[in-house]
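Read through the structure below, which is laid out as structure tokens, and then see the notes.
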Amino acid sequence: MSFAVLFTALGSAMLVNNVILMRFLGICPFLGVSKKIEASIGMSIAVAFVMIVATFVTYIIYYILLVPFEIEYLRTIAFILVIASLVQLVELFIKKFSKKLYKSLGIFLPLITTNCAILGVAEGSILAGYNTAYGFGGGLMISMSAVLGTALGFGLIMFAFSTIRVRLDAINVPDEYKGIPISLIIAGIMSMAFVGLQGLI
């Protein structure tokens, strides 16, 4: 397992195949929590923690428990249970140590459970077939590199988009474009910019 393979997996997941702009996963927190920079950073950290730990745990569960007993069809249910448990842990932690952040995240914090980006990344690490090409250990390393890149890409876009939305609130925008419409236009422009990275890695 070379460093170049791990770096390629990380860079590709972060920029070329960005989970929000290129795969259109995790749109709910992207539009709902990006009004404030602090909330977007908090959500990014929470999503990154759940995404990384969930991918690690689900990868092990799939290849050590589900595959040997030939019950791979329970994959989605098992993955959702792992994600839901981690979200509860994160929610309790944030509620105890940062009530301000807990209030700013609101309903979007428990909705991490149904965040398609987290389930999509966990499922993607299995469907990519890294285990077949590199063995269990190598596949796990590549999966973790890819999920780290995905988490960093998610945080990067959340932060960039929140700073843009803060500036949009300070300028004159026609009434019919205020709120979600102008946000979707900006997101579309950002997506087109990221298309230019296709083929880079």
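A few points about this structure:
- Gained length - Ile180 relative to Cys116, 0.36 nm times residue gap less alpha-carbon distance: 21.0 nm
- Solvent-accessible area per residue, Å², over the chain with all protein chains present [probe radius 1.4 Å]: 53 Å²
- Between Val195 and Tyr63, the simple spin-label model (points 7 angstrom out along Cα→Cβ) gives 3.6 nm.
- Maximal additional length on extending the Phe3-Phe159 stretch stands at 53.4 nm, based on 0.36 nm per residue less the C-alpha distance.
- Estimated dipole of the chain in Debye, rounded to 20 [Cβ of Lys and Arg +1, of Asp and Glu -1, Cα centre]: 640 debye
- For the chain, the tally of Lys pairs with Cα-Cα distances below 18 Å comes to 8, considering only residues 8 or more apart or on different chains.
- At least 20 Å along the helix axis (C-alpha) and Kyte average at least 1.0, DSSP helices within the chain: 37-61, 75-97, 130-168, 180-195
- Rolled with a 1.4 Å probe across the full set of protein chains, the surface gives Tyr177 an accessible area near 100 Å².
- Distant-in-sequence amide H partners of Leu25 (H built 1.01 Å from N, under 5 Å): Ile20
- Taking a sphere under 15 Å around the Cβ of Ile61 and counting the other residues whose Cβ falls inside, with K and R at +1 and D and E at -1, yields a net charge of -2.
- Low-density loop positions, trypsin sites (Lys or Arg not before Pro), the range 160-201 - DSSP coil, at most 14 other Cβ in 10 Å: Lys178
- Local electrostatic count at Gly120 - Lys and Arg +1, Asp and Glu -1, tallied over other residues with Cβ under 15 Å: +1
- Tensor-based shape of the chain (alpha-carbon gyration tensor, a/c under 1.5 rounded, otherwise prolate or oblate): oblate
- Here the accessible area is traced with a 1.4 Å probe on the protein chains. For the chain, carbon and sulfur cover 71 percent of it.
The values are calculated or read from the model by the stated rules, or taken from the named source; none is laboratory data. Since this is a predicted model, take the numbers as computed values, not measurements. Note that we place each Cβ from the backbone using ideal geometry, even for glycine, and neighbour counts take in every protein chain shown. Ligands, DNA and RNA are excluded from the accessible area calculation, which covers all protein heavy atoms including side chains. Shrake-Rupley method; radii C 1.70, N 1.55, O 1.52, S 1.80 Å.
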